[in-house]
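A quick write-up on the structure given underneath.
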Amino acid sequence: MEENPFLIKGYKSPAYFCDRAVETDMLLSNISNGADTTLISPRKYGKSGLIHHLFNQPAVRDHYYVFYIDIYATTSLAEFVYMMGKEIYGHLTSRVAQFQDKFFQVVKSLRMGFKIDPMTGQPTFDLGLGDIQSPQTSLDEIFALIEQADMPCVIAIDEFQQIGEYAEKNVEALLRTKIQQCHRSQFIFAGSKRHLMSNMFNSPAKPFYQSAISMGLEPIPVSTYADFATRLFEENGKYVDREAIETVWAHYDGYTWFVQMMMNELFALTPSGEKCSADMIADAHRNVIMAQE
């Protein structure tokens with residue numbers, strides 16, 4: 001089976017990632033200068049892809065521990081702690097074996113959530129929400145562990161505005177206090193609900209008021225995306241009319257995920273060695289609709 005280079009989920013490598021060079025440089029600059037970042041754009045616009053692309057840059061990958069925590073589905077502080085603990089445990093222990101013992105020593109409140117794999121004898125993260133008896137205590141311990149890491153950390157929290165929906169009413173103030181005490185970590189607060197994120201970081205009454213540098217995402221320019229799509233077709237033994245790319249981009253106003261989804265289908269419809277034309281867009285659109293029906 002041929003591999004479709006137009007990814008519609010996940011991040012693979014810079015070769016499959018389009019542009020965002022200016023945004024990547026800005027994030028790199030913020031990290032090197034010790035500044036946190038608020039990243040705001042609609043859902044499916046490419047925030048998570050940009051974050052993973054940032055994490056893949058040698059300046060970050062080789063000198064920081066990086067964590068990506070998506071809290072979109074969380075509804076409470078306990079669930080937030082669960083997501084954060086699982087990501088940090090999984091990432092640190094995959095890179096540094098001795099951090100398994102370190103994690104147990106520092107994050108004592110979650111020790112009951114770790115089990116020994118009977119086949120390998122290695123500890124595994126088998127934590128349930130019922131194991132989090134005191135979320136604030138567990139949060140304290142997780143932040144203490146981050147501070148004790150042998151390299152600084154970059155922590156991206158996606159759909160950050162979700163903390164405003166938690167049953168607990170003090171989560172913003174609690175997290176702000178913890179983050180202020182982190183001297184070896186930078187944070188990226190990503191969100192898709194502009195009005196909630198703006199209020200959270202721009203209202204003087206809010207704990208996170210002016211605590212991070214704000215940046216947003218605009219559509220990738222059509223000429224840049226057309227060059228990108230043309231290259232992917234040609235590298236995989238196919239060709240594409242620029243008109244077809246520009247038509248798709250215009251139809252979806254450059255909305256990243258929808259453009260990628262259509263180009264994914266157009267690539268699949270184009271036989272090897274042949275050219276994709278604008279005449280194929282109607283069939284691609286029909287196939288996508290049927291798949292989503």
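The values are calculated or read from the model by the stated rules, or taken from the named source; none is laboratory data. Everything numeric here is computed off the predicted structure, so don't read it as measured data. Neighbour counts run over all protein chains shown; Cβ positions are idealised from the backbone, glycine included. Each accessible area value is taken on the protein alone, full model and side chains, heavy atoms only, with ligands, DNA and RNA left out. Shrake-Rupley method; radii C 1.70, N 1.55, O 1.52, S 1.80 Å.
Descriptive notes on the structure:
- A single member of Pro14, Pro58, Pro42, Pro5 is farther than 22 Å from Glu235 by Cβ and touching a helix residue (DSSP H, G or I) at 6+ places or on another chain (Cβ under 9 Å), and it is Pro42.
- For the range 34-53, a residue qualifies if it is farther than 20 Å from Pro221 by Cβ and either open to solvent by less than 20 Å² (accessible area, probe 1.4 Å) or outside any helix (DSSP H, G or I) (or both), and the qualifying residues are Gly34, Ala35, Asp36, Thr37, Thr38, Arg43, Ile51.
- Against the test of being among the aliphatic types (A, V, I, L, M), open to solvent by 50 Å² or more (accessible area, probe 1.4 Å) and in a helix (DSSP H, G or I), the options Ala244, Ala268, Ala284 yield a single qualifying residue, Ala268.
For (1) among the small types (Gly, Ala, Ser); (2) at pLDDT below 95, each residue gets a yes or a no:
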| site | (1), (2) |
| --- | --- |
| Asp158 | no, no |
| Gln161 | no, no |
| Leu175 | no, no |
| Lys178 | no, yes |
| Phe189 | no, no |
| Phe201 | no, no |
| Ser214 | yes, no |
| Thr230 | no, no |
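- Meets criteria (open to solvent by 10 Å² or more (accessible area, probe 1.4 Å) and modelled with pLDDT of 95 or more) for Glu235: yes
- Criterion (open to solvent by less than 70 Å² (accessible area, probe 1.4 Å) and either closer than 27 Å to Glu23 by Cβ or modelled with pLDDT of 95 or more (or both)) met by exactly one of Gln57, Gln100: Gln57
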